[in-house]
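Undergrad: Once you've had a glance at the structure underneath, I'll fire off some questions.
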Amino acid sequence: MARRACPRCGFESKRRNWADRHQAAAVCAAVFFGLAALYTVVGVLLAYPWFFVPMLVVVCAFMVDRRMRVRAAIATGPTTNTAH
């Protein structure tokens, strides 16, 4: 694997993406955007309480779909990927 250097700070790493090289900045960005999204959702729920039920249905459907995909992946067993 080729070493990669950050163009901004020159830090060399075997890691592939920016978030791996700058973990503190990635956490700060995630917290900032996560809090903004949380405040938006809470604001919508307080302004439009009837919106909660459809949103709950969508979240439950997403969770069930994700769980079923995981179960299907486990049931099929390991796969061999020869194309690299």
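No lab work stands behind these numbers, since they all come straight from the coordinates. Quantities reported herein were computed from a predicted structural model and do not represent experimental measurements.
Undergrad: With viscosity set to 0.692 mPa s at 37 °C, what whole-number translational diffusion coefficient in µm²/s follows for the range 39-82 from Stokes-Einstein and a Kirkwood radius over Cα pairs?
TA: 253 µm²/s
Undergrad: Here is a follow-up. Mind listing the phi-derived Karplus ³J(HN,Hα) values for the range 66-75, rounded to whole Hz, using 6.51, -1.76 and 1.60 with θ = phi - 60°, and x for any glycine or proline?
TA: 5, 5, 5, 5, 5, 5, 5, 5, 5, 5
Undergrad: Mind listing the phi-derived Karplus ³J(HN,Hα) values for the range 42-48, rounded to whole Hz, using 6.51, -1.76 and 1.60 with θ = phi - 60°, and x for any glycine or proline?
TA: Coupling constants for the range 42-48: 5, x, 5, 5, 6, 7, 10 Hz.
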